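The values are calculated or read from the model by the stated rules, or taken from the named source; none is laboratory data. Since the model is a prediction, treat every value here as computed from it, not as a measurement. So basically every Cβ, Gly included, is an ideal-geometry build from the backbone, and we count neighbours across all protein chains shown.
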Amino acid sequence: MFPRISLFPAQASTMAAQVDLLYLFIVGVTAFFGILTTIVVIVFAVKYRTNDPLKVGDRIHGSIPLELAWSIIPFIISIVIFWWSAVVFFDLQRPPDQTLEIYATGKRWMWKFQHLDGQNEINELHVPMGRPIKVTFTSEDVLHSLFFPAFRTKADAIPGRYSSVWFTPTKLGEYHLFCAEYCGTKHSGMIGRVVVMEPAAYQAWLSGSVPGMSLAARGERLFSELACNTCHLDDGRGRGPSLVNKFGASEQLASGGAVPVDEAYVRESILRPQSKIVAGYQPLMPTFQGLVSEENVMALVEYVKSLRATAQAAAPAAAHAESTAPGAPQESR
Amino acid sequence: MDTTVTAPRVTYLNHEHTLASWLLTKDHKRIGILYMIVVTFAFFLGGIFASLIRLELTTPAGDLLSADTYNKMFTMHGVAMVFFVLIPAVPAILGNFVLPLMLGAKDVAFPKLNLISWYLFTIGFLFTVYALVAGGVDTGWTFYTPYSSRASNTNVMATGLGVFITGFSSILTGLNFMVTIHRMRAPGLTWFRLPLFVWAVYSTALVMILGTPVIAITVLALAIERFLHFGIFDAALGGDPVLFQHMFWFYSHPAVYIMILPPMGAISEVIAAFSRKSIFGYAFVAFSSLAIAIFGFLVWAHHMFVSGISVYSALVFSFLTYAVAIPSAVKTFNWAATMYRGAIWLKAPMIWAIGFLGLFLVGGLTGLFTAALGVDVHLHDTYFVVAHFHYIMVGGAIMGYFAGLHFWWPKITGRMYSDIWAKVAAIIVFTGFNLTFGPQFIVGYLGMPRRYYAYPEEFQVLNVLSSAGASILGLGYTLIAIYLVASLFKGERVGANPWHATGLEWTTQSPPLPHNFEKQPVVTEDAYEYTKREIKVV
Amino acid sequence: MSDALAAHGAHGHAHHPAQQHHFDTLDQQHEAATLGMWLFLITEVLFFGGLFLAYMLYRVWYPAAWSEASLELNVVLGGVNTAVLIASSLTMAMAVRGAQTGLRRATMGWLVLTMVFGLTFLVIKYFEYAEKIEHHHVPGPTFAFPGPNAGPAEIYFSLYFLMTGLHATHMVIGFGILSVILWMAYKNRFSPEWYTPVEISGLYWHFVDIVWIFLFPLLYLVDRAHHFA
């Protein structure tokens, strides 16, 4: 007769069980101390109650050992919780090495996901089970937050920055996808579903959906359309540094110091090229702020990323780029 | 108490009668009452918004209000409750009334400034009411950029201006109280003889002085960004919207302590008075207030664990958050220990105080979840957080306010309310509160984000429970209004010290003289010397 | 109430006319006022502090833009204004000294001089702002700045106008306060026993000067050494 109320959302990622275990541990600790204190207060209130306003209590002013005990014991317990939660947090923040990359942009009021092979989805995300997946995303307007309750992870989408979340789905099914940061009228409509599929079914889905140009290939095309390739020559003789094998390495700056070449750095270099100048080069590059959409910036980032793969066995992105001739149908927007 | 008490001949209430004598008063007691009027109105307004929110959320679909109206409702609920109820409730109402009395002073240090503070507060409130009447504001009380600076087309300016002006009221009140505590204490009233409410107000004043200017400048910068298109937080220019969050929470987290420290002080008074005992570990309770005020400035970024701060800063802020939890725990244990071997007189204020303990305990302990990095990633911006801070702010601050109000009501009005109805109200509020916010912990962990106007069906049962609780809560609050107003006309008159409590405020008549005391009080003993039965006034 | 008042009056000595009823002594009143002003100045530090924080963050992020935008400021006018304000601090200190030693005419003279310096500052500031408006350096739709650093430069000018505007607002308020103090001095309200209003107004005035002492190098002198060399 009564609807069943579950206490936990679906546990659908490797991290979910870890987060739930920690949560249960804190529930246990706090319930113990909460109930203990409540019982003590109630027992005192009943045992020492009086109706005589002239009666007074015993002359007790305090106890240093007790004060120390109830300062130090909670502190130690706090440290245990802190330590454990920090370990879980680091796991949540640090994706494993080989992740399946997906790009996303949040804008009022939808999430747009771009798969490496060029498929686009809106408010829906298909992912294969058992593979670590990293979603890199930003916002085109106001703050949003990409929240996967079943995977116990979220991060804010911030205009001007890249954020990322990662998860390894462990259970087939459809789960919620929420915007958790208030973003205006249809904030509660900025929701969707994430579909966890068998790897084979996922492959079938990938090939079954509209075959667009791969993200890296689109990036490569933009790279020449925007004339990036006139300066960033592969052999390093151009006016700008070569981008081959740059991603994941570290770049020496003219101002001294070095910066790791990651998604955020590549993005910044496209939109605000003057903020970090590579050692040995002049600050000549114009800004592309306002000229390239966030989605296209992501394609460029993915292209730069694919250039790192040349040393490794023929990268799938590059292979894919071969197969899509310039005349290939462009993704519809 | 058996003998009929005759009303004092001259009191602060009856020595002048004109409207001007109220609107131009420099008497801290009258100013406290002026605050009470505006705050009660704001509480009523915020309560209406809350009712509409809960009504909307009884069904998963958005059907009662439009999405935009709903967004305005939770924004206005937050703005009204945070800036115009929680922050002023205990310090500006009870603090204004009892602080100089507790110190044995004739008034606060700067009575004119005190009146100006009330006017600033009221003008700020009127701006906010104007913003509401002119169509409302929909940014959330947190005003996050760039939504507030670029996207929203509602009355952000008027609301921001309201908050800005009210901020100055808060700054000047904090300044006034701090100088009063430093310079206006009665002879013999040394720091360690001060009632713990004074320590709490002092710590609060510290936060008001150091924190509030930052929100003022932040809101000003936001207003100018919006109005004149300046670009301090504008990502398109290379600015950082997250900087706004840092500056906002640098105030707004300590502001939580503006809300909770004074009620904690009131609770110390009530528990000591009705346990007929000195407070257990006086110095620990006193210093824990200061520790909370100071540590409170070092934890702001725990509101931003998923807002793109580095993992290492997250680590530091999580750790400091646990550090600030300890003084709160110490206070709670000391209150419980104060009751040990006391002579506990279970009058209404004590019932409210015990209710406070229960709810504050839940609020504090659930803070351990949100401070835990690994769990907070999941919990952030869900209903779990909503439930947590309502347990602190409503369960803690508002319960504490009512405990204090019931305690000092006979002093303020010279009349006693119905004890039995006050106890009934406390139990109704306690029950209704738990039913409202308890289920929100669960629905939050299930993943329901906050500020959602429509939600998936599986969350409905818990939301209906929550809304049912809210109606009980509303009933409880209405009951308080009824018996307190009734007491003004029919309440039994009380003498100087109806609770047989210690503290200088109980040595003068109820209601007090316009200038508080007939003779300058001189203090010769510690606070809460119940075992000696009476505080000596020379 | 008459009893209470009688009791209040009964404890003897005649009060100084400036003493308010809720204070026991003039000393207590003086200490309260001074402490109050110091606390107020602390709130002011935090008020400006928010902008200094934003300044620091963006200066570290965009050093090149900061340098370019700073060169657009008129360092001569800024420098003159710095000198004017330092001079006004001296005259203000002299005014306090005058009140302390009971020299009414000297107090008034120094106050007038302080106000003249304050006004000079504001007039110069007006010309600086006019120049910025002319050069399209006011943030917003009309903002123009050559080169690739236009975005961060706009942030720089946003901060420039906010910080100096807030400072100028404080100067205007200070001017108003000093007018009142001047009038009180004219009415002979101060004496060596009671000159607290002059003293705390002086504290405020010095604070506003000190803010400028930070603003001037931070805004005007970002990268001048390079460009003079």
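Just one of the listed residues (B:G444, B:G438, B:G432) is more than 14 Å from chain A (Cβ to nearest Cβ), touching a residue at least 24 places away in the same chain (Cβ under 8 Å) and not in a loop (DSSP other than H, G, I, E, B), and it is B:G432. Note on the stretch C:181-199: residues that are assigned to a helix (DSSP H, G or I) and more than 14 Å from chain B (Cβ to nearest Cβ) amount to 8. A Cβ distance below 7 Å, combined with a sequence gap of six or more or placement on separate chains, defines the contacts here; from the stretch A:185-197, residues that are outside any helix (DSSP H, G or I) reach residues that are buried (at least 19 other Cβ atoms within 10 Å of the Cβ) and hydroxyl-bearing (S, T, Y) in the pairs A:R193/A:Y175; A:V194/A:Y175. Applying the condition of being surrounded by fewer than 17 Cβ atoms within 10 Å (Cβ to Cβ) and in contact (Cβ under 8 Å) with a residue 24 or more places away in the chain to the stretch C:178-202 and asking which residue is farthest from C:Y126 (Cα to Cα) yields C:E193. Only one entry of B:D240, B:D234 meets the criterion of being facing another protein chain (nearest Cβ under 9 Å), out of contact with any Lys or Arg (no Cβ under 8 Å at 6 or more places or on another chain) and not hydrophobic (A, V, I, L, M, F, W, C), and that entry is B:D240. The condition of being surrounded by fewer than 20 Cβ atoms within 10 Å (Cβ to Cβ) and small (G, A, S) holds for only one of A:S85, A:S78, A:S63, A:S13, that being A:S63. In the stretch B:338-361, the qualifying residues are those that are facing another protein chain (nearest Cβ under 7 Å) and part of a helix (DSSP H, G or I), and the one that is farthest from the chain's Cα centre (by Cα) is B:M339. Taking the stretch B:307-337 as the range and being outside any helix (DSSP H, G or I) and surrounded by 22 or more Cβ atoms within 10 Å (Cβ to Cβ) as the test, only B:S307 passes.
Go through the stretch C:44-79 and report how many residues are among the small types (G, A, S), more than 14 Å from chain B (Cβ to nearest Cβ) and either outside any helix (DSSP H, G or I) or under 22 Å from B:S252 (Cβ atoms) (or both).
Of the residues in that region, 0 qualify.
May I ask you to list pairs of residues, at least six apart or on different chains, whose Cβ atoms are under 7 Å apart, with the first in the stretch B:44-56 being within 15 Å of B:G476 (Cβ to Cβ) and the second being assigned to a helix (DSSP H, G or I) and hydrophobic (A, V, I, L, M, F, W, C)? Pairs found: B:A50/B:A470; B:S51/B:A470; B:R54/B:A470. Looking only at residues of the stretch B:243-293 that are within 14 Å of chain A (Cβ to nearest Cβ), closer than 18 Å to B:A329 by Cβ and hydroxyl-bearing (S, T, Y), we find that the one that is nearest to the chain's Cα centre (by Cα) is B:S268.
Residue by residue, here is whether (1) within 25 Å of C:D223 (Cα to Cα); (2) touching a residue at least 60 places away in the same chain (Cβ under 8 Å); (3) touching a helix residue (DSSP H, G or I) at 6+ places or on another chain (Cβ under 9 Å); (4) of a type in the set (A, V, I, L, M) holds:
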| position | (1), (2), (3), (4) |
| --- | --- |
| C:T43 | no, no, yes, no |
| C:L73 | yes, yes, yes, yes |
| C:G79 | yes, yes, yes, no |
| C:A95 | no, yes, yes, yes |
| C:G109 | no, no, yes, no |
| C:T120 | no, no, yes, no |
| C:A130 | yes, no, no, yes |
| C:P141 | no, no, no, no |
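Quick check: anything in the stretch A:271-281 farther than 14 Å from A:K246 by Cβ, of a type in the set (A, V, I, L, M) and either modelled with pLDDT of 60 or more or not in a helix (DSSP H, G or I) (or both)? Yes, the stretch A:271-281 contains a residue that is farther than 14 Å from A:K246 by Cβ, of a type in the set (A, V, I, L, M) and either modelled with pLDDT of 60 or more or not in a helix (DSSP H, G or I) (or both). Number of residues in the stretch A:88-107 that are surrounded by fewer than 17 Cβ atoms within 10 Å (Cβ to Cβ) and at the interface with chain B (Cβ under 10 Å from one of its Cβ atoms): the value is 3. Within the stretch A:241-274, the only residue that satisfies the criterion of being out of contact with any strand residue (DSSP E or B) (no Cβ under 7 Å at 6 or more places or on another chain), among the aliphatic types (A, V, I, L, M), surrounded by 14 or more Cβ atoms within 10 Å (Cβ to Cβ) and farther than 23 Å from C:A64 by Cα is A:V244. As a summary of the residue check, B:V39 satisfies the conditions (1) closer than 28 Å to B:L24 by Cα; (2) part of a loop (DSSP other than H, G, I, E, B); (3) hydrophobic (A, V, I, L, M, F, W, C) except for the one numbered (2).
Just so you know, in the stretch B:202-211 the residues that are facing chain C (nearest Cβ under 9 Å) and under 17 Å from B:V299 (Cβ atoms) include one that is farthest from the chain's Cα centre (by Cα), and it is B:L210. As a summary of the residue check, B:A387 satisfies the conditions (1) farther than 28 Å from B:L462 by Cβ; (2) touching a helix residue (DSSP H, G or I) at 6+ places or on another chain (Cβ under 8 Å); (3) not polar (S, T, N, Q) except for the one numbered (1).
Would you please name the residue that is surrounded by the most Cβ atoms within 10 Å (Cβ to Cβ), looking only at residues in the stretch B:128-183 that are polar (S, T, N, Q) and assigned to a loop (DSSP other than H, G, I, E, B)? Ranking the candidates gives B:T145 first. I need a count of the residues in the stretch B:54-75 that are under 16 Å from B:V461 (Cα atoms) and of a type in the set (V, I, T). Going through the stretch B:54-75 one residue at a time, the tally reaches 2. For B:V461, the criteria (1) part of a helix (DSSP H, G or I); (2) crowded, with 23+ Cβ neighbours inside 10 Å; (3) within 13 Å of chain A (Cβ to nearest Cβ) hold in every case but one, which is (2).
Within the stretch A:147-161, restricting attention to residues that are facing chain B (nearest Cβ under 7 Å) and not in a strand (DSSP E or B), which residue is surrounded by the most Cβ atoms within 10 Å (Cβ to Cβ)?
A:R152
Under the condition of being within 13 Å of chain B (Cβ to nearest Cβ) and either surrounded by fewer than 17 Cβ atoms within 10 Å (Cβ to Cβ) or basic (K, R) (or both), which residue from the stretch C:141-165 is nearest to the chain's Cα centre (by Cα)? Among residues in the stretch C:141-165 that are within 13 Å of chain B (Cβ to nearest Cβ) and either surrounded by fewer than 17 Cβ atoms within 10 Å (Cβ to Cβ) or basic (K, R) (or both), the one nearest to the chain's Cα centre (by Cα) is C:G165.
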